[in-house]
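The values are calculated or read from the model by the stated rules, or taken from the named source; none is laboratory data. Note that the coordinates shown come from a computational prediction; the quantities given were computed from them, not determined experimentally. Backbone-built Cβ (ideal geometry, glycine too); neighbour counts: all protein chains shown.
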Amino acid sequence: NNLREEEFGMERLMEVVRKNLTASAAGIRDKVESALSAFTKTAPANDDITLVIVKKI
């Protein structure tokens, strides 16, 4: 959640992934972490964060 108690949510997550489809799995991870950090800013984490990225090779 951010400071306004809004969730990052699936829509935001999918937007980041769609914008970075050609990136490596590590690149997508970095973009998601960056977007999440920008979204939450200084809000404390309410729960653990787990991210699994699978790409077809």
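Do the conditions hold for K31, that is, is it among the basic types (K, R) and at pLDDT below 90?
Numbers: among the basic types (K, R): yes; at pLDDT below 90: no.
For K31, the condition - among the basic types (K, R) and at pLDDT below 90 - is not met.
Of all residues in the range 25-57, count the ones that are touching an Asp or Glu at 6+ places or on another chain (Cβ under 9 Å) and either in a loop (DSSP other than H, G, I, E, B) or loosely packed, with under 10 Cβ neighbours inside 10 Å (or both).
The number of residues fulfilling the criteria is 3.
Listed here are the residues, each with its yes/no results for (1) in contact with a helix residue (DSSP H, G or I) (Cβ under 6 Å, 6 or more places away or on another chain); (2) at positive phi; (3) not hydrophobic (A, V, I, L, M, F, W, C).
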{"site": "R4", "(1), (2), (3)": "no, no, yes"}
{"site": "G9", "(1), (2), (3)": "no, yes, yes"}
{"site": "R12", "(1), (2), (3)": "no, no, yes"}
{"site": "S34", "(1), (2), (3)": "no, no, yes"}
{"site": "T42", "(1), (2), (3)": "no, no, yes"}
{"site": "I53", "(1), (2), (3)": "yes, no, no"}
